[in-house]
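In what follows, a single structure is set out as structure tokens and then discussed.
Just so you know, all these numbers are worked out from the coordinates, no wet-lab data involved. Everything quoted here is computed from the prediction, not taken from an experiment. No Cβ is skipped: glycine too gets one built from the backbone with ideal geometry, and neighbour counts run over all protein chains shown.
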Amino acid sequence: MNLFNLYKDELRGFFKSKIMAFLWIGLPVLVIIFHFLQNTSTDQTIPFTWLSALIVSSIGGTLSAVMLSVSIINEKSRHVYELFLIRPVKRYEIMLAKFLAVYSCVAVASLIAISFGMVSDWVTTGTISHAVLSSAGESLAISLSMIAVSCSAGVLIGLVSPSIIVGAILVIYGGNSLSVIPLIPNMLEVADAAVFTIGLSGIVTLLLLAVAVISFNRKQF
């Protein structure tokens, strides 16, 4: 069993979960609701496409991280990994397959939701301008970057947490804090912020996954 087969198995399992159904349907609905509330309460000062990215990354990232950590904790308690490790499977492939499966599903949800945000901007302005398209690309980069950090944090927290309650608390407070790191270039108004956002999230994600793999390799089953 190689990484690709593990990825397909994990993807099939997460694909059928109710949380993923909410992400694919609920996130676009939330984007529309927030757009309606913004238009009725105050003037739109920033492109809603960018605001939708924050909504998607915050909610989607938290749910995906919780889902990952809970899945890993449950499998640890049921001694699932003992069965995996008697096969010719590398330990890092198990964790990487989980990360990629959840990240792929949430990335699709983010793309759908941000597309709704872009359509909302188009309805508001009456045209799809270069600014709207640029905002959509930047928003997608922000969303996917924050979700990548959240998912990698979820993997690490799931491996080190002794219980589901502890894992959920660590994800909500610790994972969310880490997911804000990719926003630093935007907060500092750095030129080409999207490039720095992607690079920064890549570094943080790789570091978290590396620590998770090292922790998993040291565990005795």
What are the ³J(HN,Hα) values, in whole Hz, obtained from phi via the Karplus relation 6.51 cos²θ - 1.76 cosθ + 1.60 with θ = phi - 60°, for each residue of the stretch 161-176 in sequence order, with x given for Gly and Pro?
7, x, 8, 5, 4, 4, x, 5, 5, 5, 5, 5, 9, x, x, 5
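Kindly flag which residue pairs out of LYS16/LYS219; LYS18/LYS219; LYS98/LYS219; LYS90/LYS219; LYS18/LYS98 have an alpha-carbon separation exceeding 20 Å in this structure. Walk me through the intermediate numbers first.
Values: LYS16/LYS219 30 Å; LYS18/LYS219 31 Å; LYS98/LYS219 18 Å; LYS90/LYS219 13 Å; LYS18/LYS98 17 Å.
Where the Cα-Cα span goes over 20 Å, the pairs concerned are LYS16/LYS219; LYS18/LYS219.
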The stretch 156-221: spread of alpha-carbon positions along the three principal axes, whole Å, largest first, is 48, 24, 10
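Can you compute the FRET efficiency between GLU75 and LEU54 using 1/(1 + (r/R0)^6), with r the Cβ-Cβ distance and R0 = 30 Å? Round to the nearest 0.05.
Working: r = 32 Å, r/R0 = 1.06.
The value I calculate is 0.40.
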